[in-house]
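Engineer: Have a look at this one before I ask anything.
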Amino acid sequence: MVLPGTYTLTLTVGRHSSTQPLTIVPDPRVHVPAPALASQFRLQQRMVAGLTVSYLGVTYIQQLRDALARVPDQTRTIAAAEQIAGAAKALDGALASLASAGFGIVHRDLGRRYSDQFIADAMPTPSVIAGVDGPCQQLDATVDGVRKLQATSMVELNRMLARAGIAELPSWSPPAAPACGRPAMIR
């Protein structure tokens, strides 16, 4: 989605590029002021950013949980198997709540709000903005929870796995807050 305006499109294939201007005009049936469209567009961009981060987050947690599920079989023959399995189980429990109560809920809520934005072009109302701000704040808290686990439980478990000759857990560098981007001033 883009706002009405003039854009430059560039198509590159191999070493050859072709550039052409493209003008997007407003729908003549829609009579919404340009600032209202711009506000709606900025809000949609925040939702897309949040949906992207929540998708990446839940995918990462699933990769971690899959790796953790393999730990008992991988450590069965080593002396520290019970300690490693216990640490893996504790981390898995923490990840389960981040996946469902954090990323999953945020993804659902932002997806619904994003869908609602296609009903009409209009200035976002305070309640619509609040309906995006809430999940975005929850997303930041969830990403922070992942960072904390990465800096504590995962560091220790990765040390134990390395000592046992087992590959470390998958990694992910979550985006800096705010994950949905900065709230725009609505005019």
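The values are calculated or read from the model by the stated rules, or taken from the named source; none is laboratory data. Worth saying up front: this structure is predicted, and the values here are computed from it rather than measured. Reconstructed Cβ throughout: ideal geometry from the backbone, glycine too, with neighbour counts over all protein chains shown. Side chains included, ligands, DNA and RNA excluded: accessible areas come from the protein's heavy atoms. Shrake-Rupley method; radii C 1.70, N 1.55, O 1.52, S 1.80 Å.
Engineer: Of everything in the stretch 157-171, what is loosely packed, with under 12 Cβ neighbours inside 10 Å, part of a helix (DSSP H, G or I) and out of contact with any Asp or Glu (no Cβ under 7 Å at 6 or more places or on another chain)? Give them in sequence order.
Structural biologist: If the condition is that a residue be loosely packed, with under 12 Cβ neighbours inside 10 Å, part of a helix (DSSP H, G or I) and out of contact with any Asp or Glu (no Cβ under 7 Å at 6 or more places or on another chain), then 163 is the only one that fits.
Engineer: Same structure, new question: Farther than 30 Å from residue 26 by Cβ and small (Gly, Ala, Ser) - does that describe any residue in the stretch 122-131?
Structural biologist: Scanning the stretch 122-131 turns up no residue that is farther than 30 Å from residue 26 by Cβ and small (Gly, Ala, Ser).
Engineer: Another question, if that's okay. Test of understanding: among 140, 116, 73, which residue is out of contact with any Pro (no Cβ under 7 Å at 6 or more places or on another chain), over 29 Å from residue 26 (Cα atoms) and of a type in the set (Asp, Glu)?
Structural biologist: Only one candidate passes the filter, namely 73.
Engineer: For residue 7, state whether it is under 30 Å from residue 99 (Cβ atoms), within 31 Å of the chain's Cα centre (by Cα) and modelled with pLDDT of 95 or more.
Structural biologist: For residue 7, the condition - under 30 Å from residue 99 (Cβ atoms), within 31 Å of the chain's Cα centre (by Cα) and modelled with pLDDT of 95 or more - is not met.
Engineer: Need a quick list: helices (runs of 4 or more DSSP H) entirely within the stretch 30-141 having at least 2 residues that are touching a His at 6+ places or on another chain (Cβ under 7 Å).
Structural biologist: 34-75
Engineer: Same structure, new question: Exactly one of (1) within 16 Å of residue 165 (Cβ to Cβ); (2) modelled with pLDDT of 95 or more; (3) among the hydrophobic types (A, V, I, L, M, F, W, C) is unmet by residue 91. Its number?
Structural biologist: Of the numbered conditions (1) within 16 Å of residue 165 (Cβ to Cβ); (2) modelled with pLDDT of 95 or more; (3) among the hydrophobic types (A, V, I, L, M, F, W, C), the odd one out for residue 91 is (1).
Engineer: Could you list, in sequence order, the residues of the stretch 102-125 that are in contact (Cβ under 8 Å) with a residue 24 or more places away in the chain and open to solvent by 60 Å² or more (accessible area, probe 1.4 Å)?
Structural biologist: 105, 107, 113, 121, 123, listed by residue number.
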